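Read through the structure below, which is laid out as structure tokens, and then see the notes.
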Amino acid sequence: MEKKTPLDTKIYPLDDDWADFTVNLNDGWADDVSLVYPEGRWRPEGELTSVSTNTEEEPASGEQEQTTSSSSSNLASPKKVTKSKGKKKRNTFRTFMIVWLGSLAIIIAIALGYFYQFLERYEAAYQISRPYHDMDDIMSVFESRDIDTIYNMLTLHPVIGDFENEDTIKGYMLSLLADKELTYVKGNHYTEDYPEYYIEADGYIVAELSLLKSPVESHDYGFPVWYISSFEFYTIATEECRIEAPENCTVYINGIAVSDNYCCQDHIELEENVFVQPYASLPQVRDYYTSGLYTAPTVTAIDCFGNPSPVSYNAETKTYEVAFSSASDDAESMKQYAIDAVTAYANYVSNDSPDDALDGYFASDCEILAMIKANTSRQYYTAHHTPEIKNVEVVDFIVYSEDVYYCEVYLEQHMLLSWGGDPEIVPTDAHFYFVNINGEWKVTGIQY
């Protein structure tokens, strides 16, 4: 039986002593070993220094056994830990970070508040600079039908002729807006830098407006202020006026006298001129014409006596016809003279007056008088008693000039026939032309 070599109890403890066995690892066996470092890598500078891993002093040999033997019993009880300087530094850094992060959060919150306020102001400035706000303001003027303000805003005013004025144009513009639904839309050439709009009335364009950025004004943050660069109201002058009037009348369009510049034809002779020649001539007629009117004109006329002349509109010829006046200071005496002349004429035809009964009313060498006297039918007129003149009426009375007038007279002769019976009624409707010859009115012609 091989004899076991006894263990060195200093190096290897017996089985019962393992609990209290300690080994000195720092036995110095590798103190003479040289450390080799790879080329080009990190290596320490100078001599390596031995560093103890124990933070506390080694206990005495007697105390070591006591500590070892009692280590198992001290495991359950906490040891008193002494605070290190590194932990203090960590607590100070943590406090600094908390304060710094809190301050940073407050700064960020304040900065965000200012940023949001900036965004609100920026958005408000942007919105107020949009051109449709200007259009809304302009449309409010249109909605109120403030035609004076609209007219003053126009950059291109309508061309006004000789017979119209601003009030006429404003009335015409107002007629295009009255009882209409007003809207506006973007124009065909709309851009952000040059906004163009159409203003519509019941879907029809009545105005065109363009805006430009003001070179001297702006909103906050440089947003533009707009001004009206062009504003045109679609005023189309489609009306025209033709007038036919005697040359001795003064014609007015909308209260404005029409000059000879608008005369397109003159020396138009009246057909009735044959009834007064060769003793006088009826005034000739002139034609006037003008166009470029915005509204239907009002035509008036004044005769040679300063009295209003009647004006009528001929729809077929689209002409305003100025008639000769029926007013005269001596109108009543002139009418009565015509009644007397027609009465004499009727009694002469019925053979109830002598042969020279008409001589005082007609011009002495008047051709019509010779024809009346040459008519022998009066000599064979039915026998009757002297007629009674009734129902006398001046149907028409025209004063052509100071020397010529015309009168239409209607009257009835109520005559009792010689053989009895009911009275016969003989009507006479005479169209006489009178000329002032040597200060007396004389009949120069009869229109049958």
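The values are calculated or read from the model by the stated rules, or taken from the named source; none is laboratory data. Just so it is clear, the model here is predicted, and its values are computed rather than measured. Backbone-built Cβ (ideal geometry, glycine too); neighbour counts: all protein chains shown. Note: accessible area is taken over every heavy atom of the protein model, side chains too, but ligands, DNA and RNA are not part of it. Shrake-Rupley method; radii C 1.70, N 1.55, O 1.52, S 1.80 Å.
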Inset, instruction - Scan the stretch 278-296 and report the pairs whose first residue is under 20 Å from GLU247 (Cα atoms) and free of Cβ contacts under 8 Å to residues at least 60 places away in the same chain and whose second residue is open to solvent by 70 Å² or more (accessible area, probe 1.4 Å) and in a loop (DSSP other than H, G, I, E, B), with Cβ atoms within less than 8 Å and a gap of 6+ or a chain change. - result: GLN284/GLU247; GLN284/GLU269; VAL285/GLU247; VAL285/GLU269; ARG286/GLU247
Inset, instruction - Just need a number here: residues in the stretch 117-164 that are modelled with pLDDT under 90 and hydroxyl-bearing (Ser, Thr, Tyr). - result: 4
Inset, instruction - Examine the stretch 327-348 for a residue that is closer than 23 Å to PRO246 by Cα, open to solvent by less than 70 Å² (accessible area, probe 1.4 Å), at pLDDT 95 or above and in contact with a strand residue (DSSP E or B) (Cβ under 8 Å, 6 or more places away or on another chain), and state whether such a residue exists. - result: yes
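Yes/no matrix, rows are residues, columns are (1) within 22 Å of ALA124 (Cβ to Cβ); (2) of a type in the set (Asp, Glu):
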{"residue": "TYR190", "(1), (2)": "no, no"}
{"residue": "ASP193", "(1), (2)": "yes, yes"}
{"residue": "ASP202", "(1), (2)": "no, yes"}
{"residue": "GLU208", "(1), (2)": "no, yes"}
Inset, instruction - Hand me the list of strands (runs of 3 or more DSSP E) wholly inside the stretch 140-229 holding 3 or more residues that are under 30 Å from SER291 (Cβ atoms) and without any contact (Cβ under 8 Å) to a residue 40 or more places away in the chain. - result: 196-201, 204-218
Inset, instruction - Select from the stretch 251-297 the residues that are in contact with a Lys or Arg (Cβ under 9 Å, 6 or more places away or on another chain) and open to solvent by 40 Å² or more (accessible area, probe 1.4 Å) and list them in ascending order. - result: ASP260, CYS264, GLN265, ASP266, HIS267, ILE268, TYR279, TYR289
Legend entry - Members of the stretch 209-244 found to be surrounded by 13 or more Cβ atoms within 10 Å (Cβ to Cβ) and β-branched (Val, Ile, Thr), listed by number: VAL225, ILE228, THR235, ILE243
Legend entry - One residue from GLU388, GLU393 being under 15 Å from MET334 (Cα atoms) and open to solvent by 80 Å² or more (accessible area, probe 1.4 Å): GLU393
Inset, instruction - Could you tell me whether PRO310 is touching a residue at least 12 places away in the same chain (Cβ under 8 Å), out of contact with any helix residue (DSSP H, G or I) (no Cβ under 8 Å at 6 or more places or on another chain), open to solvent by less than 20 Å² (accessible area, probe 1.4 Å) and at negative phi? - result: no
Inset, instruction - Kindly establish whether GLU247 is open to solvent by less than 80 Å² (accessible area, probe 1.4 Å) and free of Cβ contacts under 8 Å to residues at least 60 places away in the same chain. - result: no
Inset, instruction - Those residues that are open to solvent by 50 Å² or more (accessible area, probe 1.4 Å), over 14 Å from the mean Cα position of the chain (by Cα) and hydroxyl-bearing (Ser, Thr, Tyr), I need them from the stretch 157-194; list them, please. - result: THR191, TYR194
Inset, instruction - Say whether the condition of being open to solvent by less than 60 Å² (accessible area, probe 1.4 Å), assigned to a strand (DSSP E or B) and in contact with a helix residue (DSSP H, G or I) (Cβ under 6 Å, 6 or more places away or on another chain) is met by at least one residue in the stretch 415-431. - result: yes
Inset, instruction - Determine whether VAL206 is touching a helix residue (DSSP H, G or I) at 6+ places or on another chain (Cβ under 6 Å) and either open to solvent by 50 Å² or more (accessible area, probe 1.4 Å) or farther than 30 Å from PHE324 by Cα (or both). - result: yes
Legend entry - Matching residues, the stretch 398-414, being under 60 Å from the mean Cα position of the chain (by Cα) and open to solvent by less than 30 Å² (accessible area, probe 1.4 Å): VAL399, TYR400, SER401, VAL404, TYR405, TYR406, CYS407, GLU408, VAL409
